[in-house]
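See structure below.
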Amino acid sequence: MTKHLTLHTRTTTAGPVVEIAGDLDYDTAGQVRAALPGLGLRPGQQLVLDLGSLSFCDSSGITVLIAARNHALAAGASIALAAVPDRVGRIFRIVGLEQVFPTHPTAQAAEAAWRPAGG
């Protein structure tokens, strides 16, 4: 069975939004990791990972989400998760990630909650 993951990136006033759809696991996590440097995050921006179409996330997927967080912080930006599916949110709660990632019901809500650094 072939694992399928698609990434769709768009830019908002707050910063890049990456929609992650499909299975985020050992076979596909590298695809997300490889996309991070090309996002062009600037200090004060917010990276939003929209997980609304995520069907599966294993420990490799969690690792790459943490890598995305580290990438954002290294760029002087913040990160937020949007539309986390219930089954994925349950895993995040079990491993304590809800303490690490601000979450919003939609990417639009994440953008609305964003405040520019120093603004």
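Here are the numbers for the structure shown:
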| quantity | calculated |
| --- | --- |
| Residue in segment 85-100 that is surrounded by 13 or more Cβ atoms within 10 Å (Cβ to Cβ) and within 11 Å of the chain's Cα centre (by Cα) present | no |
| Scan of segment 24-49 for residues that are more than 14 Å from the chain's Cα centre (by Cα) and either crowded, with 19+ Cβ neighbours inside 10 Å or among the β-branched types (Val, Ile, Thr) (or both), ordered by number | Thr28 |
| Segment 104-116, subset at pLDDT below 95 and outside any helix (DSSP H, G or I), residue surrounded by the most Cβ atoms within 10 Å (Cβ to Cβ) | Trp114 |
| Selection from segment 70-91 of residues that are out of contact with any Ser or Thr (no Cβ under 8 Å at 6 or more places or on another chain), among the hydrophobic types (A, V, I, L, M, F, W, C) and part of a helix (DSSP H, G or I) | Leu73, Ala74, Val88, Ile91 |
| Pairs, first free of Cβ contacts under 8 Å to residues at least 60 places away in the same chain in segment 7-26, second in a strand (DSSP E or B) and of a type in the set (Phe, Trp, Tyr), C-beta under 7 Å, six or more apart | Asp23/Phe56; Leu24/Phe56; Asp25/Phe56 |
| Any hit, segment 49-64, residues being part of a loop (DSSP other than H, G, I, E, B), of a type in the set (Gly, Ala, Ser) and out of contact with any Lys or Arg (no Cβ under 9 Å at 6 or more places or on another chain) | no |
| Scan of segment 8-29 for residues that are within 21 Å of Leu73 (Cα to Cα) and in a strand (DSSP E or B), ordered by number | Thr9, Arg10, Thr11, Pro16, Val17, Val18, Glu19, Ile20 |
| Among the residues listed as Leu81, Leu39, Leu49, Leu65, the single one being touching a helix residue (DSSP H, G or I) at 6+ places or on another chain (Cβ under 7 Å) and not acidic (Asp, Glu) | Leu49 |
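The values are calculated or read from the model by the stated rules, or taken from the named source; none is laboratory data. All figures in this text were calculated on a predicted structure; none of them were measured in a lab. As a convention, Cβ positions derive from the backbone with ideal geometry for all residues, glycine included, and neighbour counts pool all protein chains shown.
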